[in-house]
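Reading through the structure tokens given below for one structure.
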Amino acid sequence: MNVALRPLSNIRPFTPPAGDPGFGVYVHWPFCAAKCPYCDFNSHVRHQPVDQARYVAAFRRELATQAARSRGERVTSIFLGGGTPSLMEPATVAAILDEIAALWTVAEGAEITLEANPSSVEAERFRGYRAAGVNRVSLGVQALNDADLRRLGRLHDTNQALGAIRLAREIFPRLSFDLIYARPGQDVAAWEREIGEAIDLAADHLSLYQLTIEEGTPFHALHRAGKLIVPDGELSADLYEATQAITRAHGLPAYEISNHAAPGAESRHNLTYWRYGLYAGVGPGAHARLLGEGGARHAVANERHPETWLQMVEDWDAGFTEDTPLEPHEQADELMLMGLRLVEGIDLKRWRSLAGRDLDPEVEADLTGHGMIERLGPDRIRATPAGMLVLDAVVADLA
């Protein structure tokens with residue numbers, strides 16, 4: 001695929017000091033033009049225009065509530081996710097970012113990402129997002145051929161995807177885009193060709209996700225009825241291994257199970273999650289990790305239904321449906337679950353301080369002997385490439 005693309009700026013995101021996961025703010029825009037058949041995210045289709053001014057007012061109120069629980073934090077990343085945030089007007093994005101800057105100190109060079117679908121990309125809107133402060137865009141491309149895009153229920157075609165990539169590279173300092181693999185009928189050779197095309201288009205970051213059949217989605221019903229056949233476990237493993245080899249050979253090695261970047265171009269915001277940092281989360285269905293009374297870490301979750309969340313915030317300044325203090329051992333489990341997704345692994349000193357114990361030596365020896373985990377010095381452990389394929393089982397054994 002020959003597409004003339006100018007190089008992106010070599011601007012790198014703000015990076016906190018070693019050992020500091022940073023503090024992020026996540027904003028969830030829950031609306032989509034259509035619901036994809038594989039998607040179990042909190043996304044909703046509305047056939048009448050959304051009152052964006054009313055939602056901005058609600059975001060402001062909930063941001064203020066969460067800022068009061070994170071005083072003194074410096075925001076190192078902001079992520080506008082969804083749903084389809086590129087359905088927001090630039091003025092809506094600007095108002096949200098301005099409110100975050102008014103409530104917290106935002107680090108100079110903080111990463112500010114907006115998710116966008118190629119079908120909703122317009123040059124004027126993209127320039128408006130950039131003027132509002134967005135410096136990184138994440139495009140939901142998902143496939144680079146029209147047949148698979150239709151099968152995945154996407155509203156764009158390949159030409160629209162290429163146009164969105166071109167436009168994003170012209171306007172934003174940083175770009176990432178997503179592809180889904182292990183799609184019906186896909187073999188290793190076809191995927192290798194597609195990755196090659198993606199690397200030609202990519203700047204310095206790719207998110208490459210294996211298709212999973214999520215309960216409650218149309219794909220789940222089709223799969224259960226035998227009408228949707230996806231690659232089996234062995235082929236899925238082959239596709240994963242091809243992904244790792246090709247991206248590594250082209251300077252975009254994996255730094256997390258599904259995310260690949262040139263060194264220094266990793267998603268600052270997602271690293272905050274995976275390094276088990278604190279973060280605010282506002283909007284319908286958003287999650288947060290915030291401190292409560294006495295300094296305990298709390299798991300916070302919001303009402304998922306947009307209009308119900310909106311009314312809750314208007315009545316009570318927050319849409320929480322969960323605000324639960326986490327015991328130290330629960331935090332240790334979350335640290336393990338998130339951190340072992342990363343190629344860098346986890347700091348065992350931090351894990352021990354929460355778990356109140358060391359790893360079970362017999363379990364560690366067994367997993368090491370089977371090539372699932374490895375030590376990186378006395379106080380760091382990570383999953384091997386083989387362990388990444390069965391990470392849920394590895395985490396369950398260790399935790």
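The values are calculated or read from the model by the stated rules, or taken from the named source; none is laboratory data. What you see is a predicted model, and the numbers here were worked out from it, not measured in a lab. Cβ atoms come from the backbone with ideal geometry, glycine included; neighbour counts cover every protein chain shown. Surface areas here come from the heavy atoms of the whole protein model, side chains and all, with no ligands, DNA or RNA. Shrake-Rupley method; radii C 1.70, N 1.55, O 1.52, S 1.80 Å.
Per-structure values
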{"quantity": "Condition check for Glu344: within 22 Å of the chain's Cα centre (by Cα), under 30 Å from Pro253 (Cα atoms), acidic (Asp, Glu) and open to solvent by less than 50 Å² (accessible area, probe 1.4 Å)", "calculated": "no"}
{"quantity": "Counted residues, the stretch 191-222 - those being open to solvent by 10 Å² or more (accessible area, probe 1.4 Å), among the aliphatic types (A, V, I, L, M) and modelled with pLDDT of 95 or more", "calculated": "0"}
{"quantity": "Qualifying position, being assigned to a helix (DSSP H, G or I), under 26 Å from Gly292 (Cβ atoms) and either touching a Lys or Arg at 6+ places or on another chain (Cβ under 9 Å) or touching a residue at least 12 places away in the same chain (Cβ under 8 Å) (or both), among Thr76, Thr65", "calculated": "Thr65"}
{"quantity": "Unique residue being surrounded by fewer than 20 Cβ atoms within 10 Å (Cβ to Cβ) and under 21 Å from the mean Cα position of the chain (by Cα) when the list is Gly133, Gly128", "calculated": "Gly133"}
{"quantity": "Among (1) outside any strand (DSSP E or B); (2) of a type outside the set (Phe, Trp, Tyr); (3) more than 18 Å from the chain's Cα centre (by Cα); (4) within 30 Å of Thr324 (Cα to Cα) - the single one His298 does not satisfy", "calculated": "(1)"}
{"quantity": "Some residue of the stretch 85-94 being farther than 30 Å from Glu215 by Cα, within 23 Å of the chain's Cα centre (by Cα), surrounded by fewer than 20 Cβ atoms within 10 Å (Cβ to Cβ) and aliphatic (A, V, I, L, M)", "calculated": "yes"}
{"quantity": "Of all residues making up the stretch 29-60, the number that are of a type in the set (Ser, Thr, Tyr) and either in a helix (DSSP H, G or I) or over 16 Å from His305 (Cβ atoms) (or both)", "calculated": "2"}
{"quantity": "In the stretch 207-238, the residues that are in contact with a strand residue (DSSP E or B) (Cβ under 8 Å, 6 or more places away or on another chain) and more than 26 Å from Ala116 (Cβ to Cβ)", "calculated": "Ser236"}
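Residue-by-condition table, conditions (1) modelled with pLDDT of 95 or more; (2) assigned to a loop (DSSP other than H, G, I, E, B); (3) outside the structural domain of Thr65 (by the TED database):
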{"residue": "Thr308", "(1), (2), (3)": "yes, no, yes"}
{"residue": "Gln311", "(1), (2), (3)": "yes, no, yes"}
{"residue": "Asp315", "(1), (2), (3)": "yes, no, yes"}
{"residue": "Asp333", "(1), (2), (3)": "yes, no, yes"}
{"residue": "Arg352", "(1), (2), (3)": "yes, no, yes"}
{"residue": "Glu362", "(1), (2), (3)": "yes, no, yes"}
{"residue": "Gly371", "(1), (2), (3)": "yes, yes, yes"}
{"residue": "Glu374", "(1), (2), (3)": "yes, no, yes"}
{"residue": "Ala386", "(1), (2), (3)": "no, no, yes"}
